[in-house]
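Data block below; observations after.
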Amino acid sequence: MTLEDLVRLRRARDLMDRDYAQPLDVPALARVAVMSSGHFSRSFRAAFGETPYSYLMTRRIERAKALLRRGDLTVTEVCFAVGCTSLGSFSSRFTELVGESPSAYRARRHDAGAAIPACVAKIHTRPSRNGRAESASRP
């Protein structure tokens, strides 16, 4: 993989970080990276260790956790606010990454981390991408 390829892949990853709530798919991201869809998917996985879809869903779940901690939105509102179009798929992926359902996550207390700076809290509340939730993130 060339340095130019990495720059183009980062451009697509930055788009996912910034516009996670927008409808993004592999063809659109591949256009940003100026690659074919297949080449983009293979290159993205080689460079970042996960598929573009997995990366995007992790970003969406991270943002969903922040919105659910606020407590002023329903799970359905959070689902759509982060760019998901199916409540069932959102709940399944959330539960897979976080280890509890969005409703259970929203219902429990989150004030223990209120005094922690956001940059530190983000590291400790990041969803696990390896398919299993980390039990240490729950009280």
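The values are calculated or read from the model by the stated rules, or taken from the named source; none is laboratory data. What you are looking at is a predicted structure, and each value in this text was computed from that prediction instead of being measured. Backbone-built Cβ (ideal geometry, glycine too); neighbour counts: all protein chains shown. Calculation scope for accessible area: heavy atoms of the full protein, side chains included, ligands and nucleic acids excluded. Shrake-Rupley method; radii C 1.70, N 1.55, O 1.52, S 1.80 Å.
List of remarks:
- Residue count for region 1-31 under the criterion of being of a type in the set (Val, Ile, Thr) and at pLDDT below 95: the result is 1.
- Hits in region 74-109 (condition: assigned to a loop (DSSP other than H, G, I, E, B), in contact with a helix residue (DSSP H, G or I) (Cβ under 7 Å, 6 or more places away or on another chain) and open to solvent by 40 Å² or more (accessible area, probe 1.4 Å)): Ser101
- Number of the condition not met by Asp17 [criteria: (1) outside any helix (DSSP H, G or I); (2) loosely packed, with under 14 Cβ neighbours inside 10 Å]: (1)
- Test for Arg45: is it open to solvent by 30 Å² or more (accessible area, probe 1.4 Å), over 14 Å from the mean Cα position of the chain (by Cα), under 30 Å from Glu4 (Cα atoms) and of a type in the set (D, E, K, R): yes
- Boolean, Glu50 is part of a helix (DSSP H, G or I), surrounded by 13 or more Cβ atoms within 10 Å (Cβ to Cβ) and among the acidic types (Asp, Glu): no
- Subset of region 20-42 [under 23 Å from Phe80 (Cβ atoms) and open to solvent by 30 Å² or more (accessible area, probe 1.4 Å)]: Tyr20, Ala21, Gln22, Pro23, Leu24, Asp25, Val26, Pro27
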